Amino acid sequence: MGAVMTDTPAPASGAPLRLFNSLTRQLEPFAPVHPGEARVYSCGPTVYNYQHIGNMRAYVFADTLGRTLSFKGYDLRHVINITDVGHLTSDADAGDDKMEKAATSLGKSAREIADFYTDEFKRDLQWLNVRDPVKWTVATQYVPQMIEFAKAIADKHCYELDSGLYFDVSTVPDYGRLARAVTDEGEGRIEEVASKRHAADFAIWRKTPPGETRQMEWDSPWGMGAPGWHLECSVMGEEELGFPFDIHTGGIDHREIHHPNEIAQNQAYRGAGSLDCAEHSGARMWMHNNFLIDRGGKMSKSAGEFLRLQLLYDRGYHPLAYRLMCLQAHYRSELEFSWEGLGAALTRLKRLVMGVAPVRDIPAAAVEDRRLTDLLDKFDAAISDDLNTSVALTLLEDVIAMKRIDAAQKRAAIGTIDGVLGISLLDVLRGDLRIRPKAAAITDEEIETALARRKEARAAKDFATSDKLRDELIAAGVEVMDGDPLGWDWRLEN
Ligand code: AMP
Ligand code: ZN
């Protein structure tokens, strides 16, 4: 699917871009470290399993941010990491390595597991029209750099235990400022590793226990072992973007442990002082998307139905309906998933696609009409206001609804807005949105034949036959939508 953005010139006199910085807890103007550039690092997945749609919200957010930065005229340098080693089943440095655990339980190598789920993840991103980053950083390809980074901070900031090299969080100022629930006890976390100096201290190198061999392990000054998860992101961010870079993103769970730990490492590495100066954290801004929740609360891979994009697809929902659902909410608000909500987003997407159809194939022309330039200015103001995508969507609908307007200019305005929202409106066709649920037993031809017969029966006022045909269709899972204003006529139920 199109990873290329079309029709998105930077606004000549744009609205100032303001973004919410979780570190300072306020909206701030975006001021790039390197003029004209925007360097963004997004924490990526741990590839030991499929990503659920909650995880995907994090990448829709990062992509919308990236598209906005491109729209505002910045040369975007976006990096997303793939964690293929070193992420434990518990954030508190205990439990098994998620990769090794999945490998053992599936009888595969850790490499096979990582490659398989990386491919699945990238397919989901394509489905959601998330643009590729300029670089995918894969953790196992940066281990020598991680060892160098750890060596640079070991003497002043770390101590060694039998289980590994630990970071002493009291050696940097303002540890945990990013987190919301900071206490003197180190966020009240459970101290799962005996002999740590502080509960919040964390492993930056995990030694392989004596007598054991890991599938993925490396030699280091602290013995054979694997890097700690937090270390990966510090090192890959520094390698690819240089400290300080502009924006670091992730889901809000990372605001509590992973990112404070990354920040502490970065402060140590840079010999930096207090977080009153945000740059000491390694990035100027830290941005976090809120959770997608389901009725039971936080979405998880283990509890209940495993909501992943493939499941949505199998039930007949186009993945872009999910992207639209994300955009309807502000990224800092919780979003509750429901099948009804997804259905409503799909209907809205259908309306958008139908609305765009008359201008889709018309070559775009420069937008000069005042009514359109006004709407584009409003769009710019909305998206520049900490990514107000829900307002941006309504402005897109205003453009589409506009009558007696030059079609080529209208097409250009739609392209500009869609380039930022990333719904692919100019590429997706009506037919693409009608996805057959996997469980459907009836063919499209059978449906069309039955509907044609029903139409004839109704024309002949033979309502008994018409009702019978309708009942048969319903029994086969087909919802007949008489007088459907969208003109889609029928849909297969899930
Ligand atoms: P993980 O693979 O667990 O490291 O998660 C990948 C990304 O998804 C991280 O940025 C998480 O913060 C984010 N994330 C995890 N669960 C959710 C959720 N339910 N809603 C939104 N983002 C999430
Ligand atoms: Zn990370």
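Residues that are within 8 Å of ligand 1 (Cβ to nearest atom), at negative phi and among the small types (Gly, Ala, Ser) do not occur anywhere in the range 273-289. From the list Asp386, Asp398, Asp374, the one residue that fits, being modelled with pLDDT of 95 or more, charged (D, E, K, R) and on the phi > 0 side of the Ramachandran plot, is Asp386. The set of residues from the range 217-229 being within 30 Å of the chain's Cα centre (by Cα), surrounded by fewer than 22 Cβ atoms within 10 Å (Cβ to Cβ) and in contact (Cβ under 8 Å) with a residue 60 or more places away in the chain is empty. Kindly indicate which of Ala329, Ala272, Ala283, Ala268 is buried (at least 22 other Cβ atoms within 10 Å of the Cβ), of a type in the set (Gly, Ala, Ser) and more than 16 Å from ligand 2 (Cβ to nearest atom). Answer to the check: Ala268.
The residue that is nearest to Ser281 (Cα to Cα), counting only those in the range 211-251 that are hydrophobic (A, V, I, L, M, F, W, C) and within 16 Å of ligand 1 (Cβ to nearest atom), is Ile247. Does at least one position in the range 249-256 carry a residue that is touching a strand residue (DSSP E or B) at 6+ places or on another chain (Cβ under 9 Å), open to solvent by 30 Å² or more (accessible area, probe 1.4 Å), within 10 Å of ligand 2 (Cβ to nearest atom) and of a type outside the set (Ser, Thr, Tyr)? The answer is yes; a qualifying residue exists.
Going through (1) open to solvent by 10 Å² or more (accessible area, probe 1.4 Å); (2) β-branched (Val, Ile, Thr); (3) out of contact with any strand residue (DSSP E or B) (no Cβ under 8 Å at 6 or more places or on another chain) one by one, Ile113 falls short only on (1).
Yes/no per residue for (1) open to solvent by 60 Å² or more (accessible area, probe 1.4 Å); (2) farther than 22 Å from Leu76 by Cα; (3) more than 19 Å from the chain's Cα centre (by Cα):
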position: Lys101; (1), (2), (3): yes, yes, yes
position: Thr104; (1), (2), (3): yes, yes, yes
position: Ser109; (1), (2), (3): no, yes, yes
position: Val138; (1), (2), (3): no, no, no
position: Val143; (1), (2), (3): no, yes, yes
position: Met146; (1), (2), (3): no, yes, yes
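May I ask you to say which residue of Val47, Val33 is more than 30 Å from Leu393 (Cβ to Cβ), more than 16 Å from ligand 1 (Cβ to nearest atom) and at pLDDT 90 or above? Residue meeting the stated conditions: Val33. Selection of the range 444-469 for residues being open to solvent by less than 70 Å² (accessible area, probe 1.4 Å), more than 12 Å from Asp489 (Cβ to Cβ) and of a type in the set (D, E, K, R) yields only Asp462.
The values are calculated or read from the model by the stated rules, or taken from the named source; none is laboratory data. Source: prediction; values computed, not measured. Counting neighbours? That spans all protein chains shown, and the Cβs are built from the backbone with ideal geometry, glycine included. These area figures cover heavy atoms from the full protein model, side chains too; ligands, DNA and RNA do not enter into them. Shrake-Rupley method; radii C 1.70, N 1.55, O 1.52, S 1.80 Å.
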